[in-house]
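Peer 1: This structure is in structure tokens; I'll ask about it shortly.
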Amino acid sequence: MPETMASKPPIRTPISCTFCRQKKLRCDRLQPCSSCTKRGLGCVYAQIPSSAPRRNGSTQPRQLTQRIRQLEDLVVALQKGEPPQRLENPDHPAHKSKDSLAASPETVTNSFGSLRVDHTGMTYVSGAHWTALQDSIAELKECVELGPSIPPSRGDHGSALLRGVSPPGGIAEVLGHLPPRPTVDRLVSRFFSSMEPGILVLHSPTFQKEYDQFWTHPQDVNLAWLSILFSIMCLAIHHHQLTEGHRPDPIGDTHGLCDDFRQQAAYCLIDNKYTTPTKYTIEALMFYAQTEYFRGEEFHHEVWLLMGIVNRLAMRTGLHRDGSRYPELSCFAAEMRRRIWTLMSQLDALISFQLGLPRMIYDGLADTQPPRNLLDEDFSEDSTSLPPPRPDAAFTPVAYLIAKSRLSRVFGLVIDHAASTTPIPSALIYQLDKQLNESYAAVPVCLQFRSVSESVTASPRIVMLRYNLEILYQKTRCILHRKSLCEGRSDGRYAESRRICLDAAVRILQHQATIDVQVQAGGVLGQCRWFVTSLAKNDFMLAAMVVCLELHYLEREGAQGGQTGTPGRDELLLALQTSHRIWAQYKDESAEAWQAWQSTSIMLRKLNANRRPR
């Protein structure tokens, strides 16, 4: 027997359906089988390979793609109230149609997302989430479950607000937890000097006036306002820790103070009966949710729950309706409400996507207008009318909020379709892509992206805000076109969409490398380290998984990539290697970083093993 024939392993044809093989269930091998019938799923069996040679060049690339889908993606489930149907051969002339790829197995699988069950419970993420992308690569499927668990600190039972614990001593005891005024002054000043986006929901001159009044008559304080003060101090400590690293904070035991301030903020909201919103209730809840977000990844699901509460209470107070419609509201109040709703909408979409869950504020729900490009000094509680907005070229913190809101609106539409069980038509993909590009082109000149070398005269704050807008833009491109990563390999109609997805993923990883260098001590962004939050890390992980998936496809096909302007294998591999080195630095700090490091490690080992001389 020739050596090439002897070394060829036999091909085993699976006799169970794909769903039973994935879930390790006993399959009765009927068509459809009882397991799939019980769950209302389409029952699919792997096609028996023909006797033709395994590699036949480029004569049948689409058949190869179909086999990859069936062997790696596995699950085909389209639940629309219709009887389960078997997957027909898409290459048969009787089943070819113009939109045959619109509901491909890979597309349908991703639309249903991923459900993981372990000893801690059940966790669902949408098909666009980075952990769900791991399921497309057999070697990475178990990576998420292998990650180290990071338990809460001892005595930590979660959010005090969600537990509903009341302070035993009332307002007097809460006030007793305030540090001396010089310490509070330092923390409040530190907060308002930061780039924290929540600053915008507070009018600085008004807050200063109320702050002075508080120290004169502390017993008369509005409890919601006092909750904001405790949250501000908590966030100020977090920002200092992320910016200064392990350098000691002059205020003392920051960990104990941070937990205490967070708990007192919750006590104030509970005692103020936050479910019946009054002045500052929504702002206080937003700040409190931010303090919970900084606690760590294990509490992010509680933040999502808190945001749901905030969103619904905000609608109860009519924040989703523009204040200009109601004569009861002053122009000052109407403008501050616009800022609050705009920031809430952005956080809802970003945090929901980070957890792989649908957003709660959907398009068409609100008619609240974007805020005007004004500084806090441009208007006050005594204003009878708002001044004209400042020019777009003039940077203000609100200019960033407005620019991000335009991008976030398209981002929200994209993640809505990514979470939908209905495949998105290709025409709608390019329509959303056009809206996204138009929104990004409308970014003010002062916030348009420039590299670090082109921003040597700009403040670190401006540089980081530019990067944030750029990464949000690239992330939206990546999510929007991700489902074409498979179809675009063999169908020219999806080639451009696939190119955009890969281009966006590579750019995000390049930005990750630049930011990681610049946030180190002495870098341009050295004082902005805290701004690289878990949200940004989630974007980098999404891009890394897309690159892993593309390299996986290239390896299976024995191709080098780079066709029709797409990044080649070497460029993708370099981006992944750089990202892997960065994740290695942070893998012990969070479970998400560990999973990203582990996934990229597995992928790089696989690529290196397959490239060894034989």
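Peer 1: Hey, with R₀ at 25 Å, roughly what FRET efficiency would residue 316 and residue 193 work out to, going by the Cβ-Cβ distance, to 0.05?
Peer 2: The pair residue 316/residue 193 has a calculated efficiency of 0.15.
Peer 1: Moving on to the next point. Over region 394-439, with every protein chain in place, what whole percent of the accessible area is carbon and sulfur at 1.4 Å, could you tell me?
Peer 2: 57 percent
Peer 1: Using the structure shown, list the pairs from 475/606; 483/537; 537/587; 23/475 with a Cα-Cα distance above 20 Å, or answer none.
Peer 2: The answer is 475/606; 483/537; 23/475.
Peer 1: Sorted by mean Cβ packing within 10 Å, highest first, what order do the peptides 434-443, 382-391, 536-545, 404-413 take? Mind showing how you got there, number by number?
Peer 2: Details: 434-443: 15.8, 382-391: 11.5, 536-545: 24.8, 404-413: 21.1.
The packing order, highest mean first, is 536-545, 404-413, 434-443, 382-391.
Peer 1: Quick one: plug the Kirkwood hydrodynamic radius of region 296-365 (C-alpha pairs) into Stokes-Einstein at 25 °C, 0.890 mPa s, and report D in µm²/s.
Peer 2: Numbers: Rh = 13.0 Å.
Estimated diffusion coefficient is 189 µm²/s.
Peer 1: To the nearest 20 debye, what charge dipole does region 380-509 have about its Cα centre, counting +1 at the Cβ of each Lys and Arg and -1 at the Cβ of each Asp and Glu?
Peer 2: 400 debye
Peer 1: Could you state the accessible area per residue of region 465-608 in Å², with a 1.4 Å probe and every protein chain left in place?
Peer 2: 31 Å²
Peer 1: Report in % the part of the accessible area of region 263-370 that belongs to carbon and sulfur, leaving out ligands and nucleic acids; probe 1.4 Å.
Peer 2: Carbon and sulfur together cover 55 percent of it.
Peer 1: Taking amide H positions as placed in the peptide plane 1.01 Å from N, state which residues far from residue 357 in sequence (5 or more) or on other chains have amide H under 5 Å from it.
Peer 2: Sorted by chain and number, the residues that satisfy this are 126.
Peer 1: Dipole size in debye (nearest 20) for region 294-405 around its Cα centre, Lys and Arg Cβ +1, Asp and Glu Cβ -1?
Peer 2: Numbers: 12 positive and 15 negative charges, 59 e Å.
The calculation lands at about 280 debye.
Peer 1: How would region 295-453 be classified by its alpha-carbon gyration tensor: rounded, prolate or oblate, with rounded meaning a/c under 1.5 and the a/b versus b/c comparison settling the rest?
Peer 2: Cα axes put region 295-453 in the oblate bin.
Peer 1: With a 10 Å radius around each residue's Cβ, average the other Cβ atoms per peptide and rank 219-225, 369-375, highest first.
Peer 2: Ranking the peptides 219-225, 369-375 by packing returns 369-375, 219-225.
Peer 1: Take the alpha carbon atoms of region 347-391, find their center, do the same for region 308-333, and report the distance between the two centers in whole angstrom.
Peer 2: Spelled out, the Cα-based centre of one part sits 11 Å from the other.
Peer 1: Classify region 381-536 from the C-alpha gyration tensor, please: rounded if a/c falls under 1.5, else prolate or oblate depending on whether a/b exceeds b/c.
Peer 2: Oblate, because a/c is 1.5 or more while a/b does not exceed b/c.
Peer 1: Highest mean first, how do 208-217, 596-605 rank when packing is the count of other Cβ atoms within 10 Å averaged over residues? Please report the intermediate quantities before stating the final value.
Peer 2: Values: 208-217: 12.9, 596-605: 21.4.
Ranking, from highest mean packing down: 596-605, 208-217.
Peer 1: Sort out for me the Cα centre separation of region 492-521 from region 175-197, rounded to whole Å.
Peer 2: Computed from Cα coordinates, the inter-centre distance equals 38 Å.
Peer 1: How would you classify region 409-500 from its alpha-carbon gyration tensor, with a ≥ b ≥ c the square roots of the eigenvalues: rounded for a/c under 1.5, else prolate if a/b is greater than b/c, otherwise oblate?
Peer 2: Prolate.
The values are calculated or read from the model by the stated rules, or taken from the named source; none is laboratory data. What you see is a predicted model; the values in this text were computed from it and never measured. Note: ideal-geometry Cβ built from the backbone for every residue, glycine included; neighbour counts use all protein chains shown. For the accessible areas, the whole protein counts, side chains as well, though only heavy atoms, and no ligand, DNA or RNA atoms are used. Shrake-Rupley method; radii C 1.70, N 1.55, O 1.52, S 1.80 Å.
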